[in-house]
Amino acid sequence: GYYWYDPEAGGHTWDDFALSMYQGTGATDWSDYQVVTRIRLREDRLGGVWIRGSYQGGQLGGYYVHIQPRDDFVYLWRFPTGATRPDQASIVTKNDYGPKIDIQAWYDLKVVAQGNNIQVWLKSAGQPASEYRSIINWTDSNSTWMKGTVGFSAYKTFAVYDEIAVTAYP
């Protein structure tokens, strides 16, 4: 599949944050899974995936995994319970990718949520799987969000996603 978000095209956003989530039957009950997608950002802002996501009664839940070309970092954010806006998520960890994250370049992003552990890998698109760099390996000692769907997130940027796959893990 192919999905894109353009902040200038309108739609529902919160102060230039955009979220979309998969709402298929049973998706909000997913627990351990892997998300693999190809992502490209037009500007040096945040874009990535939303895991263990929920949106019920005006409240948001889950975690974001964002890449940001501006500083070449990969971020993991967590929503506090009771959050009603995407900008209420807090950074729990961030790590330097190492190589420069180029605007307009495609990257393969892999995120695994297993139990209360989240792992993130990133590589330049077209490179073999052996080129994935382990960027984040973080355990939520509070086990805040143990189930939820997947989605996409962007902040003040045109984000493009391709080759999206969600599979049970392990």
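General remarks:
Conditions tested, residue by residue: (1) modelled with pLDDT of 95 or more; (2) more than 18 Å from Trp121 (Cβ to Cβ).
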residue	(1), (2)
Tyr5	no, yes
Trp14	no, yes
Val49	yes, no
Gly58	no, yes
Tyr63	yes, no
Ile67	yes, no
Arg70	no, yes
Arg78	yes, yes
Pro86	no, yes
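- Hey, Ile91 of a type in the set (Val, Ile, Thr) and either touching a Leu at 6+ places or on another chain (Cβ under 6 Å) or closer than 20 Å to Trp30 by Cα (or both) or not: no
- Members of the range 133-163 found to be surrounded by fewer than 15 Cβ atoms within 10 Å (Cβ to Cβ) and hydroxyl-bearing (Ser, Thr, Tyr), listed by number: Ser134, Thr139, Ser141, Ser143
- Breaking point among (1) in contact with a strand residue (DSSP E or B) (Cβ under 7 Å, 6 or more places away or on another chain); (2) closer than 26 Å to Gln59 by Cα; (3) β-branched (Val, Ile, Thr); (4) touching a residue at least 24 places away in the same chain (Cβ under 8 Å), for Ile91: (4)
- Residues in the range 41-95 that are more than 20 Å from Trp138 (Cα to Cα), assigned to a loop (DSSP other than H, G, I, E, B) and open to solvent by less than 10 Å² (accessible area, probe 1.4 Å): Pro69, Ala83.
- Residue within the range 18-35 that is of a type in the set (Asp, Glu), modelled with pLDDT of 90 or more, assigned to a loop (DSSP other than H, G, I, E, B) and open to solvent by 20 Å² or more (accessible area, probe 1.4 Å) present: yes
The values are calculated or read from the model by the stated rules, or taken from the named source; none is laboratory data. Values in this document were obtained by computation on a predicted structure and should not be read as measured data. Neighbour counts run over all protein chains shown; Cβ positions are idealised from the backbone, glycine included. Heavy atoms of the whole protein, side chains included, go into the accessibility calculation; ligands, DNA and RNA do not. Shrake-Rupley method; radii C 1.70, N 1.55, O 1.52, S 1.80 Å.
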